[in-house]
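Working notes, structure below.
The values are calculated or read from the model by the stated rules, or taken from the named source; none is laboratory data. Bear in mind the structure is a predicted one, so any value in this text is a computation, not a measurement. Note that we place each Cβ from the backbone using ideal geometry, even for glycine, and neighbour counts take in every protein chain shown. Heavy atoms of the whole protein, side chains included, go into the accessibility calculation; ligands, DNA and RNA do not. Shrake-Rupley method; radii C 1.70, N 1.55, O 1.52, S 1.80 Å.
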Amino acid sequence: MKIFARLLIAAALLTAVACDSEDGGTYDLTVAWNISGLPVCRAYLPEGEFAQDDVVFDSVEINIYEDETAETAIQPPVSVPCETFSYTIARLDRGSYYVTVDALTDWDGDELAFFTGATTVAVSGDDATADVNLAVGKGDVRVIWRFASGLICGADQAGEVTNIVVTMGDMEMAAACGDGQVIFASVPPGSDYIISGTALSKDGEVLLNATLAEAPLIVLPGGSYETELVF
């Protein structure tokens with residue numbers, strides 16, 4: 001009986017070691033991509049909406065995060081020739097990851113993530129694959145404000161500006177005047193964005209209005225912009 005008991009204990013220890021080894025192992029993840037469902041590295045653009053007829057993607061950038069809410073990737077970005085259409089990331093711990101892929105192109109001297117995509121994938125073995133379908137990316141616009149009229153931000157004195165409401169196309173954001181800015185994220189590409197702002201008192205009284213002096217803002221996929229409203 002003692003020998004049998006020892007054998008059972010040994011088997012349990014071996015099982016525990018095997019489980020620990022498996023849980024502590026690392027695995028490969030293959031990231032594959034396509035552009036609008038096709039294995040291509042070129043996209044033709046709608047006539048009249050853009051300053052050029054097409055874009056060519058020499059490379060894609062791959063980032064991997066712990067989850068969709070994480071702001072920092074778990075490793076440096078990987079740049080891969082677009083035409084390979086897949087790349088294997090080695091030695092990942094078992095778990096779930098959020099993978100992003102950006103197809104980069106040169107647009108008038110700026111590198112833009114013109115097509116982009118993301119997916120969540122579970123890594124539990126070396127056969128893990130993330131298939132990412134890339135679609136036209138979106139932009140973001142930072143709107144700051146200042147006063148040329150003598151008004152200041154505050155809420156104690158009559159005539160002070162408490163809040164700013166900024167309108168961009170059919171989007172609207174409100175912020176405390178002292179914040180100094182609002183950021184419109186994930187803005188669909190377009191060429192007709194009119195940006196305007198309203199300065200409000202603490203009682204909601206309209207003190208001033210302002211409209212972006214430049215022509216309507218053109219937002220490109222993957223582009224980042226900063227504009228200023230002067231009240």
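Quick notes on this structure:
- The chain: most fluctuating residue of 44, 97, 193 per GNM, C-alpha cutoff 10 Å: 44
- In this Cβ point-charge picture (+1 for Lys and Arg, -1 for Asp and Glu), the range 132-231 has a dipole of about 200 debye about its Cα centre.
- For the range 49-174, a simple Cβ point-charge model (Lys and Arg +1, Asp and Glu -1, everything else neutral) yields a dipole of about 420 debye relative to the Cα centre.
- For residue 42, the amide hydrogen comes within under 5 Å of the amide hydrogens of 57, counting only partners 5 or more places away or on other chains and with H modelled in the peptide plane.
- Sorted largest first by accessible area at a 1.4 angstrom probe radius, with every protein chain in place, the residues 224, 59 fall in the order 224, 59.
- Residue-by-residue Karplus 3J(HN,Hα) for the range 150-165, coefficients 6.51, -1.76, 1.60, Hz, glycine and proline x: x, 5, 9, 7, x, 9, 9, 9, 4, x, 6, 8, 9, 10, 10, 10
- According to the calculation over all Cα-Cα pairs in the range 157-231, the P(r) per 5 Å bin from zero is 3, 16, 26, 24, 15, 9, 5, 2, 0 %.
- Remark: the range 125-137, residue by residue, has Karplus-estimated 3J(HN,Hα) of x, 6, 9, 5, 9, 10, 9, 10, 8, 8, 10, 4, x Hz, where x stands for each Gly or Pro and the curve is 6.51 cos²θ - 1.76 cosθ + 1.60 at θ = phi - 60°.
- Solvent-accessible area, 1.4 Å probe, carbon plus sulfur percent, for the range 129-231: 49 percent
- Residue by residue, the range 72-85 carries 3J(HN,Hα) couplings of 10, 5, 7, 7, x, x, 10, 9, 10, x, 4, 5, 6, 6 Hz when phi is fed to the Karplus relation 6.51 cos²θ - 1.76 cosθ + 1.60 (θ = phi - 60°); x denotes Gly or Pro.
- With Cα atoms as the point set, the chain shows a radius of gyration and Dmax of 26.2, 95 Å.
- When the charge dipole of the chain is built from unit charges on Cβ atoms (+1 for Lys and Arg, -1 for Asp and Glu) and taken about the Cα centre, the candidate among 85, 221, 46 whose Cα reaches farthest toward its positive end is 85.
- Solvent-accessible area per residue, Å², over the chain with all protein chains present [probe radius 1.4 Å]: 58 Å²
- Helix 2-23 vs. the chain, principal-axis angle (Cα, 0 to 90°, nearest 10): 30 degrees
- The H on the amide N of residue 208, modeled in the peptide plane, is under 5 Å from the matching H of 199, each at least 5 residues off or on a different chain.
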